[in-house]
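The values are calculated or read from the model by the stated rules, or taken from the named source; none is laboratory data. A quick note: this is a predicted structure, and the numbers were derived from the prediction, not measured. So basically every Cβ, Gly included, is an ideal-geometry build from the backbone, and we count neighbours across all protein chains shown. For accessibility, only protein heavy atoms count, side chains too; no ligands or nucleic acids. Shrake-Rupley method; radii C 1.70, N 1.55, O 1.52, S 1.80 Å.
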Amino acid sequence: MSSRFLSAAIALAILAASGASAKVFHSRDEALELAFPDADRVESETYVLDDGQVARVQNLAQGPLESKLVKIYKALRNDRVLGYALIDVHNVRTLPEAFMVVLTPNGEVRSLRVLAFHEPLEYKPTNRWYRQFAHKSKDAPLRVGGDVHGVVGATLSARATTRGVRRALALYEVLIQNGG
C-alpha cells in the first residue's frame, strides 16, 4: 500500500470523525519535521504483519493490534539512523486520537506528539502529561496509576495513550530490533 494511500486514509478518518470539538494539531509531515529537524531524509517502510508477528506484538503490548498494516518512519542523517516514528490512531472513547511516538535508534521513547484529537478537548491530557513517556522503553511497565500518572477527567485518554505507546514499543521490537 502506498504512502499516499495511507496518508489519505488517515486524513479521511480524521475528517470523517471531525466535529465541533475536533482539533488537528499537526500533519504527518509537520510532525516528522519537528521530530527530526537534523535529518536529511525520512524513509518509510510499510509492513503487513503475519499472524505470528501479530501474536508477538499483542503479547508484548499486552493488548490488541487493530491492523496488520504498519508504517514505520526512519530518520537518517547521511547514513546514520537518528530514530524511528510510528503513528498510532485509535479511539479514545468513541472518537479517534492520532499521535506520533518518536523512538531513539535503540527503541526508547524520545517524544510523543499529538497529531489530532477528536474527543472534547477537555479530555485531552496536557503536553506535560505526554512528556512523561520520554525515556520509557519496552522494559517499563507502562501502567496508568503505576509508572504512568493518571489524569483526572481524562482516564480513557490516559489509558488509550498508554496502550498506543506499548504498541509502538512492541512493533519496534518485533519489526526493527528483531528484524521482522
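Taking segment 109-138 as the range and being over 20 Å from L65 (Cβ atoms), in contact with a Leu (Cβ under 9 Å, 6 or more places away or on another chain) and open to solvent by 40 Å² or more (accessible area, probe 1.4 Å) as the test, the residues that pass are R110, R113, Y123, R131.
Across segment 41-58, what is the number of residues that are open to solvent by 80 Å² or more (accessible area, probe 1.4 Å) and either closer than 17 Å to R28 by Cα or modelled with pLDDT under 95 (or both)?
At the first step, the residues of segment 41-58 found to be open to solvent by 80 Å² or more (accessible area, probe 1.4 Å) are 41, 45, 48, 50-51, 56.
Right, trim to either closer than 17 Å to R28 by Cα or modelled with pLDDT under 95 (or both) and you get 41, 45.
Matching residues across segment 41-58 total 2.
So, K74, is that one at pLDDT 95 or above, surrounded by 14 or more Cβ atoms within 10 Å (Cβ to Cβ) and either in a strand (DSSP E or B) or not aromatic (F, W, Y) (or both) or not? Walk me through it before giving the result.
Values: at pLDDT 95 or above: yes; surrounded by 14 or more Cβ atoms within 10 Å (Cβ to Cβ): yes; either in a strand (DSSP E or B) or not aromatic (F, W, Y) (or both): yes.
Yes, satisfied.
When segment 47-71 is examined, which residues are found to be among the acidic types (D, E), part of a loop (DSSP other than H, G, I, E, B) and over 15 Å from the mean Cα position of the chain (by Cα)? Result: D50, single match. Of everything in segment 77-94 that is crowded, with 17+ Cβ neighbours inside 10 Å and either modelled with pLDDT under 95 or out of contact with any Lys or Arg (no Cβ under 7 Å at 6 or more places or on another chain) (or both), the residue that is nearest to A160 (Cα to Cα) is V92. Within the bounds of segment 144-155, is there any residue that is open to solvent by 60 Å² or more (accessible area, probe 1.4 Å) and in contact with a Leu (Cβ under 6 Å, 6 or more places away or on another chain)? No, segment 144-155 contains no residue that is open to solvent by 60 Å² or more (accessible area, probe 1.4 Å) and in contact with a Leu (Cβ under 6 Å, 6 or more places away or on another chain).
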